[in-house]
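Report on the structure given below.
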Amino acid sequence: MISKTEYAPYFEQYIKLVSQDGKSILESLQSSQEVFDQVLRNVPAEKHGFSYAAGKWTLKEVIQHIIDTERIFCYRALCFARNDKTVLPGYDQDIFVENDTANARDYYELLEEMAVLRKSTIQLYRSFSEEALVRVGSASDSEMSVSALGYLFSGHQTHHINIVKERYL
């Protein structure tokens, strides 16, 4: 179980989606990726570039956002696990989306990229010792443990899949 002291209050919305189900970090990473793939694999082609409202991201942009966020947070987890005390910067998700090429990319390549990335994240977390999992680092002006980041990946993905189900499909 993750303590609320291991992450900034903002991240609770994501972590609570997965940390209370009794699954380990690795189980959560695997199961959230399975749900992600089940929900998105059979979306009709006309929905791939769909946005539910003006100014909202397309489905492809949502997938790219999940990929970008996981990559950034994996770097944070690696730094924190290796006891690097460098304070890491935040990132502006809107600037990332404005400058990605998601809408020009093949939808299924985005799904494959996420699957490969998640396998890499799982391998990264398998490599961490119990000591590394409890280490804490600083990013975006707040402290977070390596374990909390592990649950954050799954919770962030679950959060967006819930929105996809409600507003995109």
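The values are calculated or read from the model by the stated rules, or taken from the named source; none is laboratory data. Just so you know, these numbers come straight off a predicted model, no measurement behind them. For neighbour counting, all protein chains shown are included, and Cβ atoms are generated from backbone atoms with ideal geometry for every residue, glycine included. Surface accessibility is based on the protein's heavy atoms, side chains included, excluding ligands, DNA and RNA. Shrake-Rupley method; radii C 1.70, N 1.55, O 1.52, S 1.80 Å.
Hydrophobic (A, V, I, L, M, F, W, C) and more than 24 Å from residue 132 (Cα to Cα), is that true of residue 35? In short, yes.
Within region 16-52, being modelled with pLDDT of 95 or more and aliphatic (A, V, I, L, M) holds for 25, 26, 29, 35, 39, 40, 43, 45. The set of residues from region 71-123 being β-branched (Val, Ile, Thr) and within 14 Å of the chain's Cα centre (by Cα) comprises 72, 116, 121, 122.
Only one residue in 148, 132 is within 22 Å of residue 84 (Cβ to Cβ), of a type outside the set (Phe, Trp, Tyr) and touching an Asp or Glu at 6+ places or on another chain (Cβ under 6 Å), so which one is that? Checking each option against the conditions leaves just 148. Of all residues in region 132-169, those satisfying the criterion of being farther than 24 Å from residue 92 by Cα and in contact with a helix residue (DSSP H, G or I) (Cβ under 9 Å, 6 or more places away or on another chain) are 132, 133, 134, 135, 165, 169. If you filter region 1-15 down to residues that are under 18 Å from residue 125 (Cα atoms) and open to solvent by less than 70 Å² (accessible area, probe 1.4 Å), you find that the one that is modelled with the lowest pLDDT is 2. Look at (1) aliphatic (A, V, I, L, M); (2) under 25 Å from residue 37 (Cβ atoms); (3) touching a Leu at 6+ places or on another chain (Cβ under 7 Å) and you find that residue 139 fails only one, number (2).
Listed by first and then second residue, the pairs linking a residue in region 22-50 that is under 22 Å from residue 61 (Cβ atoms) to a residue that is small (Gly, Ala, Ser), with Cβ atoms under 9 Å apart and 6 or more places separating them unless they lie on different chains, are 32/154; 32/155; 33/115; 33/154; 36/115; 37/115.
For residue 113, which of the numbered conditions (1) among the acidic types (Asp, Glu); (2) in contact with a helix residue (DSSP H, G or I) (Cβ under 9 Å, 6 or more places away or on another chain); (3) modelled with pLDDT under 95 fails to hold? Going through the list (1) among the acidic types (Asp, Glu); (2) in contact with a helix residue (DSSP H, G or I) (Cβ under 9 Å, 6 or more places away or on another chain); (3) modelled with pLDDT under 95, residue 113 breaks only (3). Scanning region 33-55 for residues that are open to solvent by 10 Å² or more (accessible area, probe 1.4 Å) and part of a helix (DSSP H, G or I) turns up 33, 34, 35, 37, 38, 39, 45, 46, 47.
Right, residue 21: in a helix (DSSP H, G or I), touching a helix residue (DSSP H, G or I) at 6+ places or on another chain (Cβ under 8 Å) and acidic (Asp, Glu) or not? In short, no.
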